[in-house]
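Here the structure comes first, spelled out in structure tokens, and everything after it is commentary.
The values are calculated or read from the model by the stated rules, or taken from the named source; none is laboratory data. Note that this is a predicted model, so its numbers are computed, not measured. Here the Cβ is made from the backbone with ideal geometry for all residues, glycine too, and neighbour counts use every protein chain on show.
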Amino acid sequence: MTQQAVSGRRRAETASASESGLRPRDAARRGRRAAARPGAVRQFAEIASAAGVGQKAGMALAATGLVLTATIPTTAGADAVDAGLATAAETAPQPQVTASGEAVVAFSRTSVGTQIDPDGRLQHLLSVQSAGGLTPAQAKSSLGDPLDSMVASSAFGYRVSPLSGWAGEFHRGQDFVAQCGTAVKAAAGGTVTFAGWHPYGGGMRVVVDHGNGLETTYNHLSAFSVAVGDRVERGAIVALAGTTGASTGCHLHFEVMVNGEVVDPNGWL
Ligand SMILES: [Zn+2]
């Protein structure tokens, strides 16, 4: 009985394996699909004739990516992540843009939509869910760089304490190389909720609340230029890097807090 069942199954497996007789049909289908896509081959030919070179040379040009970049749609990429949240403006077809070398581009704040306004994008995400509800893909790059030059030093998480030499210290933020006096910028728009001396090692510290459970903190500062209650824009200079508090030298200790808990800032930068 058991054996029969086993051999019965084997037969079934054999039968399904022999269904690889589907392969020729698959191949034909694939061929048809390729033929239905006029793209590749014809493009090569067009590129080749436009460039006044043979088809082989055209293909080589295309393969380098120097030519094909022109045919990649502008709406691909990061926006795909937020497809469910896309506004009509974001999904609208992109007009083709041409400009002469002398053209001057004037940016009007009101004409900048959420698609290219990272702060508007973050505020939009936080308007529909708490910071803790954001997916890693939504959180990634949602914050701006707090320094012009971002060179990571000590990472977030457990480490050997640079002060006590003690293993197992939990490092609550990400350190970045910064000389004392380097401008420190708000990672996103928000409201200053703390600007003063941090009693637990942060030295001079600024905390910015971005709303709905998301906060960033800037520590060991030599000075700060904001006060509690100030509204700051993304990228606004809020302080100067320093080495106040529990610090072994000039650098920026940057923290991201979600619902009051520190998280790895690299998931947000
Ligand atoms: Zn640190």
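Would you confirm, using the coordinates I've provided, whether Ser161 is over 21 Å from the mean Cα position of the chain (by Cα), polar (S, T, N, Q), more than 21 Å from Val258 (Cα to Cα) and within 14 Å of the ligand (Cβ to nearest atom)? For Ser161, the condition - over 21 Å from the mean Cα position of the chain (by Cα), polar (S, T, N, Q), more than 21 Å from Val258 (Cα to Cα) and within 14 Å of the ligand (Cβ to nearest atom) - is met. Residues that are in contact (Cβ under 8 Å) with a residue 24 or more places away in the chain and closer than 17 Å to Phe176 by Cβ occur at least once in the range 222-230. The numbered conditions (1) touching a Cys at 6+ places or on another chain (Cβ under 8 Å); (2) at pLDDT below 95 are all true for Pro162 except (1). Does Met204 meet the test of being part of a strand (DSSP E or B) and either within 15 Å of the ligand (Cβ to nearest atom) or not assigned by TED's automatic domain parsing to the domain that holds Asp230 (or both)? Judged against the criteria, Met204 is a match.
Meeting the requirement of 3 or more residues that are buried (at least 18 other Cβ atoms within 10 Å of the Cβ) and in the same structural domain as Asn212 (by TED's automatic domain parsing), the strands (runs of 3 or more DSSP E) wholly within the range 117-192 are 174-177. For Thr216, indicate whether it is polar (S, T, N, Q) and out of contact with any strand residue (DSSP E or B) (no Cβ under 9 Å at 6 or more places or on another chain). Answer is no for this residue.
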